[in-house]
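A short write-up of the structure that comes next.
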Amino acid sequence: MRRLLLSLLALSALAACKKQDQGSGAPAANANGPIVIGEVGSMTGTEATFGLSSANGIQLAIDELNSKGGVKGRQLQVKVLDDQGRPEEAATAATRLISSEHVIALLGEVASTRSMFMAPKAQQAKVPMVTPSSTNPAVTQKGDYIFRACFIDPFQGYVAATFAMGNLKVKKVAVLKDVRNDYSVGLAKNFIDSFTKTGGQIVAQESYSNGDVDFKAQLTNIKGAAPQALYVPGYYTDVGLIARQARETGITVPLLGGDGWDSEKLYEIGGEAIVGSYFSNHYSPDDPSPRIQEFVGKYKKAYGGQTPDSLAAQAYDAAGMLADAMKRAKDLTGPSIRDALAATKAYPGVTGNITLDENRNPLKPAVVLKVGKSGKYEFVTKIYPEGMQPETGSGGDAAPGTKTGSNTAPASGTTPTQTTTPPVGATSSASSAANTGQPQGVPSAEHPKK
Ligand code: PHE
């Protein structure tokens, strides 16, 4: 809590000097002073928990790094700017951090659309940017200074399709997407591609726009199509409302979704209507792996017992991955940090080992969580990209015990990333046969066990 307050203070201080600080063009802080990193996030607005959790995760990582001597003998400092959940504000914040605060790197955004607004600013200024959790493939395609610490949506869509078919045994699904959100549009497509490829049928496709409050017309159409599940790849505020109205409309089947559901607010908004639904995510805080439990413990201690959501974990990893690159970089110029980031191999993140491919994306496993009683997320299964082995031993990837049975999803043919190599067969987890990894995609890099 204390750290969050500090971050927010930094944020309002920055907002206060907003008017006078444009484009000073002064050189970055002196070579012995703190290394300043910029962070852009939605600290307010309908996706505020995304920004707040990410800021917590980043600050935890930075405090730890500083207590161990920082990077190249210098302490690290984070400047956070709130974009209020607005794409244009994310771009403005990135520009301000670059030209006025002289940050040497940027962390953020979470939402893919906002990352896509930030990225050109970072690219143009040759300031490396690492998005912790933006999963739309187009984000890192904005340029060679743009990196991510998370998996991408072709895989996430595959995970949901695989789970729907294999675990829930549903064949007919309806899709309701947010047309003003690149993440939602992309993930809907990725899900549909994977689901139909394995014989599933999309019985209805409807859309809404972020911020809408009445979804009755779409839900009535969906009900008429009699789906066995409803895929809603949106953000938590909209999804909570959609869940309520779906039940009011008489839709009783489970809702399915992606990482955008991850917020303590999902249940606050959706209530009982969201219980019994499932979503794909980056990690489960219940995972018994030592790496995850150590992180969860440290986070709870720092933030008054709060359990870290996946945004906090991803942000912690993104900050750690950036600092690791800065340590390896020959100097702290943008191009040198960029090159070091691009060479990231087996960085031991909480959410999995990170090896970046030539498109600056890592290959990582995903989990499926069920919204249980009182909104508590229950781990269901963990799905690995094709060819990736669960990390065992001292590493961070042993999956928690399953609660709903094994993942029997078909493995063949669904290769969202690229398909030059035949599937190597399902991998099995250290702790349970139910955590079987399903082949998917083709890793372009080795993931050594750590
Ligand atoms: N993956 C989402 C996007 O790209 C953002 C997100 C990540 C939201 C993790 C919640 C949790 O827009």
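Values quoted throughout were computed directly from the atomic coordinates according to the rules given, and no laboratory measurement underlies them. Keep in mind the model is a prediction, meaning the values are calculated, not measured. Here the Cβ is made from the backbone with ideal geometry for all residues, glycine too, and neighbour counts use every protein chain on show.
Some notes on this structure:
- Gain on full extension, evaluated as 0.36 nm per residue between ARG180 and ALA343 minus their Cα-Cα distance, stands at 55.3 nm.
- Restriction of the trypsin sites (Lys or Arg not before Pro) in the range 269-351 to DSSP coil positions whose beta-carbon has at most 11 other beta-carbons within 10 angstrom yields LYS330.
- Amide hydrogen neighbours beyond the local backbone of LYS177, cut-off 5 Å, H modeled: GLU206, SER207, TYR208
- Distance between the range 62-112 and the range 157-231 - C-alpha centres, whole angstrom: 35 Å
- Using a Förster distance of 41 Å, the FRET efficiency for ARG86-THR307 (Cβ separation, nearest 0.05): 0.90
- Counting Lys and Arg as +1 and Asp and Glu as -1 over every other residue whose Cβ lies under 12 Å from the Cβ of GLY257, the net charge comes to -2.
- Reachable lysines from LYS171, criterion Cα separation under 25 angstrom, eight or more residues apart if same chain: LYS189, LYS197, LYS216, LYS223, LYS370, LYS382, LYS403
- Pairs from LYS121/LYS142; LYS72/LYS330; LYS79/LYS142; LYS142/LYS265; LYS172/LYS373; LYS68/LYS301 whose Cα-Cα separation, in the structure shown, is over 21 Å: LYS79/LYS142; LYS142/LYS265; LYS172/LYS373
- Nearest-0.05 FRET efficiency for THR252 and ASN359, computed from C-beta distance (R0 45 Å): 0.65
- Estimated from the Cβ-Cβ distance and a Förster radius of 41 angstrom, the FRET efficiency linking VAL203 and GLU294 is about 0.35.
- Nearby lysines by direct alpha-carbon distance to LYS345 (threshold 16 angstrom, same-chain neighbours under 8 apart not counted): LYS327, LYS364, LYS449, LYS450
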